[in-house]
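Right, one structure below, let's go through it.
The values are calculated or read from the model by the stated rules, or taken from the named source; none is laboratory data. This one's a predicted model, so the numbers in the text were calculated from it and none came from an experiment. Cβ placement follows ideal geometry from the backbone for every residue including glycine, while neighbour counts extend to all protein chains displayed. Just so you know, the surface numbers come from the protein's heavy atoms only, side chains and all, with ligands and any DNA or RNA stripped out. Shrake-Rupley method; radii C 1.70, N 1.55, O 1.52, S 1.80 Å.
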Amino acid sequence: MRVLIVGGGGREHALAWKLARSPACEAMFAAPGNAGTAQVGENLPIHDSDIDGICNAAAERRIDLVVVGPEAPLAAGLVDALNDRGIPAFGPTQSAARIESSKWFAKSIMQAANVPHAGGELFETAQAAHKWLEILGPDDLPVLKADGLAAGKGVIVPDHIDDAHEAIDQMFTGAFGSAGERVVIEDRLSGMEASAMAIVSGADILPLPLSCDYKRIMDGDHGPNTGGMGVYAPPGFVGDSDDVFASIHQPVVDQMSSDNIEFRGLLYAGLMIDDGALNVLEFNARFGDPETQAVLPLLDGDLLPVLAASARGEPLPRATISHSGRASVSVAIVSGGYPGPYDTGKAIHGLDAVDDAVDVFHAGTAIDDDGRTTTAGGRVLAVTAVADTLTEARGIAYDNVRRITFDGSFHRTDIALREL
């Protein structure tokens, strides 16, 4: 099979790395890719939002399967456009991708499917949102969410009710662009967060190992939110993972099907777990980032036939893939200043010093004119180690993280410590 990965981050490098190992993979392409995907295939200079460009490239290169990484092209209808041209694509259609592109649509599906989640209301004017906030008591601080896609930045957790009012004004005056034209105000939940991903083909669901990521920039979960500073898998505080997928994913895909919306692709549930009780924080319609960098190395076998079956809406061939039963820790190395302004073009040293058994997934990297691997983004690399125990995996990951340097590099030092 000839495979095209859409996207250029760490998730896409992990997908390209895993799928290129399949005996069925004849050729691997990435659009636009990065320095990591260039090691396992050919990068194409096409932005992931260029739907026509991706469709044309897939046709010209006789692609058998397109795997869409980021959420924006899914929400824009890339899978629909590829299907119209007879090109199989792993990922939901534009209609099904609303489970991520509209917080309120996801909430309506959860309500109909009796899936536990935070209560909330949808507001289309700042005046109505302010009026609702005034009803709340001073200790009833909510969570504010832009209804649409906001590149992972559309959620505000205020420390004071005055902060909530200020956030409402910012959201309705364009702080998140069109994503904030409608705002969801939700009850605040507490507990431990975990990520649950499953490959879906209609009503057929194949659970993947659970994981737990770290969003804040600093140790101890301090500082601003980021795209992800690290992740470990599997977390021990979740309980029976089979119960998670049976009570969350299955009712949701069944409800969507009853609404004549067939989901194919990856369904990701962000969970809040408090004393064993599950609530859904959000749904994503694609592989998580950085969760994918920790989960895929835990899978034994061939993932490519599973994704291809999902793209075709066929039963998933479970026998081709299995959970190794081991543990993984993935640590992000980021540019100095991230998630604020940062410089790029810094030469990366030490990649050749990493242990053979450790995977380094590239996110914000590029190859300069001198052939050097350089920084090209905020999150630069994810160093992933797999071992029999979480303690071992953590030790190996950090031992290798310390071997990689570039000017201004930074990483958290406490990934997986909450579990240990």
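Things worth noting here:
- Note on the chain: with a GNM built from Cα contacts shorter than 10 Å, the maximum mean-square fluctuation among Leu307, Leu267, Leu82 falls on Leu82.
- Neighbour-limited loop hits for GluC sites (Glu not before Pro), the range 94-171 (at most 14 other Cβ within 10 Å; DSSP other than H, G, I, E, B): Glu124
- Mean Cα-pair separation over length for the range 261-420, i.e. relative contact order, pairs under 8 Å, 6 or more apart, %: 22
- At a probe radius of 1.4 angstrom, the accessible area of the chain per residue rounds to 40 square angstrom.
- If you run the Gaussian network model on the chain, springs between alpha carbon atoms under 10 Å, then out of Val401, Val238, Val157 the most flexible one is Val157.
- Net charge over other residues, Cβ less than 14 angstrom from the Cβ of Glu392 (K, R count +1; D, E count -1): -2
- In the chain, helices alone account for a calculated mean residue ellipticity at 222 nm of -7000 deg cm²/dmol, with every DSSP H run of four or more residues adding -39,500 (n - 2.57).
- Aspartates and glutamates with Cα under 16 Å of Lys103, excluding same-chain neighbours fewer than 8 positions away: Glu71, Glu121, Glu124, Asp147, Glu181, Glu186, Asp187, Glu282
- Of the DSSP H helices in the chain, those whose Cα atoms cover at least 20 Å axially and whose Kyte score averages 1.0 or more: none
- Where labels lie 7 Å past Cα in the beta-carbon direction, separation of Asp388 and His47 in nm: 5.0
- For the pair Phe237 and Asp219, label points projected 7 Å from Cα toward Cβ lie 1.9 nm apart.
- Given (i) 20; (ii) 27; (iii) 17, the label whose value is percent of Cα pairs over 38 Å apart derived from this model: (iii)
- Taking a straight line from the alpha carbon of Lys107, these lysines sit under 26 Å away, with near neighbours fewer than eight places off in the same chain left out: Lys131, Lys145, Lys153, Lys215.
- Among Thr375, Thr405, Thr365, the residue with the largest mean-square fluctuation in a Gaussian network model of the chain, with springs joining Cα atoms closer than 10 Å, is Thr405.
- Based on Cα contacts under 8 Å between residues 6+ apart, the chain shows a relative contact order of 16 percent.
- Here is the list for the range 83-166: trypsin sites (Lys or Arg not before Pro) lying in DSSP coil, each with at most 16 other C-beta atoms within 10 angstrom of its C-beta, are Arg85, Lys153.
- Surface composition of the chain: carbon plus sulfur atoms contribute 47% of the solvent-accessible area (1.4 Å probe, protein chains only, all chains present).
- A Förster radius of 30 Å, combined with the Cβ-Cβ distance separating Thr125 from Asp187, puts the computed FRET efficiency at roughly 0.90.
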